[in-house]
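A quick write-up on the structure given underneath.
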Amino acid sequence: MKVLERAWRATKADLRLHVLSVFSVAVAFVCLAAALLVVVNIDAVRQRWEQSGRASVYLRSDATSQQVEKVRAALSATPGVGGVRFVSSEEARREVLGASNDDVLTALPPEAFPASLEFELQDDAASERIAQLSEQLRALPYVEAVETYEAWGERLKSLLSGGVSAALLLLGVVLLAVISVVSSTMRMALQRRSAEVEVLKMVGATDGYVRGPFVVEGAMQGAVGAAAAVGILGCIHVIIRSSFDGALGTLLGASPSFLPWTACVALVLLGAIIGAATAAVSLRQPLVGETCS
Amino acid sequence: MNSGLPDGSCGPDGGHPAQESPPGGFRPLLRGSQRFDPSAAHRDILVFDDVHKAYREDVPVLKGLSLEIARGEFVFITGSSGAGKSTLLRLIYAAERADQGRILFLGRDVSRLAPSSVPFLRRNIGVVFQDFKLVPNWTVSQNVAVSLEVLGVAPKVVRQRVGEALDRVGLAGRGRDRAANLSGGERQRIAIARAIVAEPALLLADEPTGNLDPQLAVDILGLFEDIHETGVTVLFATHDRSLLDVRPRRVVVLDEGRATDIRHGLNDDAAVERLKVA
């Protein structure tokens, strides 16, 4: 009988134990997958902001319309710069306040919402020139400030490295959790199937033959647990996305995305490998000691 | 016999340099450079040579036991409880190691086998226990088929041979039943079918009738005798004197760690008298 068939037969016979094990593995993997999801989304926002090459030129309140038009024309004529748009103080106020009835925001003075020129850098070469362009714009007397959002990119990078560290730490915790769960399950399964193991050894089965189905079961528990975790997280992601998509998109400049399929496959493979390795190692000694009596 | 058989190899008693056997394999000894050794057929299948075994230092179970079993013999092993019947059988299939002495099965000393070779030894030996040692949640067929599955026999052949084995033990048509749902006598028949389905050279029975009523015990003994008729060597350990009286078979009595051989069964009055005197 093939090892997969033997493993399936054993799983069916002890379904409850296997389901509990898969559930425990799934809980551990949800933590890891959630951390990865956060990292993936922070990275997406960072990349979006870095690549978007947006910039805002805040104008002094005393800037005349001729001066504004001059800057606008100069920007529009600059290679790689496009979508130059004038946002008046009133428009800025409207954009920020939106439909909000927040008393604090509505009480802000007009100076809190300066008029600006918003523009986009349309290619990578232009993005690289943003610092130089900012310097030139700041030198103009009727320009208050230039915001290139680089600082936000740096902050997101820092947040991202923190997220990666947290994910690595969680990976360690998940490894320990999965090893512990699968190892306990395998030892329990071995105990429950001691009669079967005894019979197998009596009729001349090698340790590898006896261990085979247990290793497959360990791999299945790890893989199914990880797949269940990805599925659970996917459901949560869909719920959150459907509820907050618009607001999050406006706030972050990017829509929340799910783990790439390669990461999902890698998680399932990781689960399978840890499960199989744990089962193989945890049954090494018990099987050597097992003899028919 | 099913597996672990050589194309040709040699050992200490063969007088030829031993041929290399695959790592982890149990290889009975034959003369080198020959695919078939005619003299092997006349050699004893099992030889105990001055075997000592003790679980506790001060309580030896076997004290210099020497015994030869020829191919195709049916031998009763008897003795009181704790005399060492089960130990003797466990030494043969390497569930125990002898402290001293040699146990030659098909010319190879099983007491010195590497652990990785033990499974290959066991593929040549069928064992039947008093408590059946079945997997209760498996079907009858699954319990029998396991002996062939570990050998990697094709499923179609497994089905055919399991059917034949169940037919031989009188359980034809019961293959789909759960082992747990069968009676004691039927369970013992499953265990016997499992032991013989791979056509072993040697069949060991460790008190196989101990849990059965007297009539069933005689039936089971008859079954072992039928199997023996096909050329299988049988060692039948029992303390049930009534079974020994049924047939004039060779009886080995274990007492105080030594074996007394009664060649023609307990109907050999002279031999029994000698045993009583001893």
**Message:** Quick check on this structure: which one of A:GLY212, A:GLY208 is within 14 Å of another protein chain (Cβ to nearest Cβ), assigned to a helix (DSSP H, G or I), modelled with pLDDT of 85 or more and exposed (fewer than 15 other Cβ atoms within 10 Å of the Cβ)?
**Reply:** A:GLY208
**Item:** Some residue of the stretch A:143-154 being open to solvent by less than 70 Å² (accessible area, probe 1.4 Å), in contact with a Leu (Cβ under 8 Å, 6 or more places away or on another chain), more than 14 Å from chain B (Cβ to nearest Cβ) and on the phi < 0 side of the Ramachandran plot
**Value:** yes
**Fill in**
Note on the stretch B:82-118: residues open to solvent by less than 20 Å² (accessible area, probe 1.4 Å) and without any contact (Cβ under 8 Å) to a residue 12 or more places away in the chain are B:ALA95
**Asked** Hey, any hits in the stretch A:273-293 for a residue that's at pLDDT 70 or above and within 14 Å of chain B (Cβ to nearest Cβ)?
**Response** yes
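Yes or no: A:VAL38 of a type in the set (A, V, I, L, M, F, W, C), away from chain B (no Cβ under 14 Å) and under 32 Å from the mean Cα position of the chain (by Cα)?
In short, yes.
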**Prompt:** Out of the stretch B:107-147, which residues are within 9 Å of another protein chain (Cβ to nearest Cβ) and in a helix (DSSP H, G or I)?
**Reply:** B:PRO115, B:SER116, B:VAL118, B:PRO119, B:PHE120, B:LEU121, B:ARG122, B:GLN142, B:ASN143, B:ALA145, B:VAL146, B:SER147
**Filtered residues of the stretch A:75-92 (kept if open to solvent by 60 Å² or more (accessible area, probe 1.4 Å) and part of a helix (DSSP H, G or I))** = A:SER76, A:ALA77, A:GLU90, A:GLU91
**Message:** Every residue in the stretch A:11-29 that is surrounded by fewer than 21 Cβ atoms within 10 Å (Cβ to Cβ) and either in contact with a Cys (Cβ under 7 Å, 6 or more places away or on another chain) or part of a helix (DSSP H, G or I) (or both), please.
**Reply:** A:THR11, A:LYS12, A:ALA13, A:LEU15, A:ARG16, A:LEU17, A:HIS18, A:VAL19, A:LEU20, A:PHE23, A:SER24, A:VAL27
**Prompt:** Restricting attention to the stretch B:229-248, which residues are of a type in the set (Val, Ile, Thr) and part of a helix (DSSP H, G or I)?
**Reply:** B:VAL246
**Request:** Being open to solvent by less than 50 Å² (accessible area, probe 1.4 Å) and either away from chain A (no Cβ under 12 Å) or under 15 Å from B:GLU225 (Cα atoms) (or both) is the filter here, so list the residues in the stretch B:172-185 that pass it.
**Result:** B:GLY175, B:LEU182, B:GLY184, B:GLY185
**Prompt:** Is the stretch B:83-104 home to any residue that is closer than 26 Å to B:GLU229 by Cα and either at pLDDT below 85 or over 15 Å from the mean Cα position of the chain (by Cα) (or both)?
**Reply:** no
**Where a residue in the stretch A:76-92 is under 21 Å from A:GLU111 (Cβ atoms) and its partner, wherever it lies, is surrounded by fewer than 14 Cβ atoms within 10 Å (Cβ to Cβ), with Cβ under 6 Å and at least six apart** = A:SER89/A:PRO110
**Item:** Selection count, the stretch B:135-147, where residues are open to solvent by 10 Å² or more (accessible area, probe 1.4 Å) and not small (Gly, Ala, Ser)
**Value:** 5
**Request:** Could you check, for the stretch B:9-21, whether at least one of its residues is on the phi > 0 side of the Ramachandran plot and either part of a loop (DSSP other than H, G, I, E, B) or at pLDDT 85 or above (or both)?
**Result:** yes
**In the stretch A:193-205, the residues that are of a type in the set (D, E, K, R) and either open to solvent by less than 10 Å² (accessible area, probe 1.4 Å) or within 7 Å of chain B (Cβ to nearest Cβ) (or both)** = A:GLU196, A:GLU198
**Message:** The conditions are (1) open to solvent by 30 Å² or more (accessible area, probe 1.4 Å); (2) modelled with pLDDT of 85 or more, and A:VAL68 fails exactly one of them. Which is it?
**Reply:** (1)
**Prompt:** Identify, please: which residue in the stretch B:91-106 is part of a loop (DSSP other than H, G, I, E, B) and closer than 23 Å to A:GLU198 by Cα and is, among those, nearest to the other protein chains (Cβ to nearest Cβ)?
**Reply:** B:ALA95
**Item:** Residues that are more than 8 Å from chain A (Cβ to nearest Cβ) and open to solvent by 30 Å² or more (accessible area, probe 1.4 Å), drawn from the stretch B:148-159
**Value:** B:GLY152, B:VAL153, B:ALA154, B:LYS156, B:VAL157, B:ARG159
**Request:** Working only within the stretch B:226-245, note down all residues that are in contact (Cβ under 8 Å) with a residue 12 or more places away in the chain and open to solvent by 10 Å² or more (accessible area, probe 1.4 Å).
**Result:** B:ASP226, B:HIS228, B:GLY231, B:VAL232, B:HIS239, B:ASP240, B:ARG241, B:SER242, B:ASP245
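Does A:ALA227 satisfy being touching a Gly at 6+ places or on another chain (Cβ under 8 Å), open to solvent by less than 60 Å² (accessible area, probe 1.4 Å) and modelled with pLDDT of 90 or more?
yes
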**Item:** Flag if B:LEU62 is open to solvent by less than 60 Å² (accessible area, probe 1.4 Å) and over 28 Å from B:LEU223 (Cβ atoms)
**Value:** yes
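The values are calculated or read from the model by the stated rules, or taken from the named source; none is laboratory data. The shown structure was predicted, so the numbers you read here are calculated from the model rather than taken from an experiment. Positions of Cβ are backbone-derived with ideal geometry, glycine not excepted, and every protein chain shown enters the neighbour counts. SASA here: full protein model, heavy atoms, side chains in, ligands and nucleic acids out. Shrake-Rupley method; radii C 1.70, N 1.55, O 1.52, S 1.80 Å.
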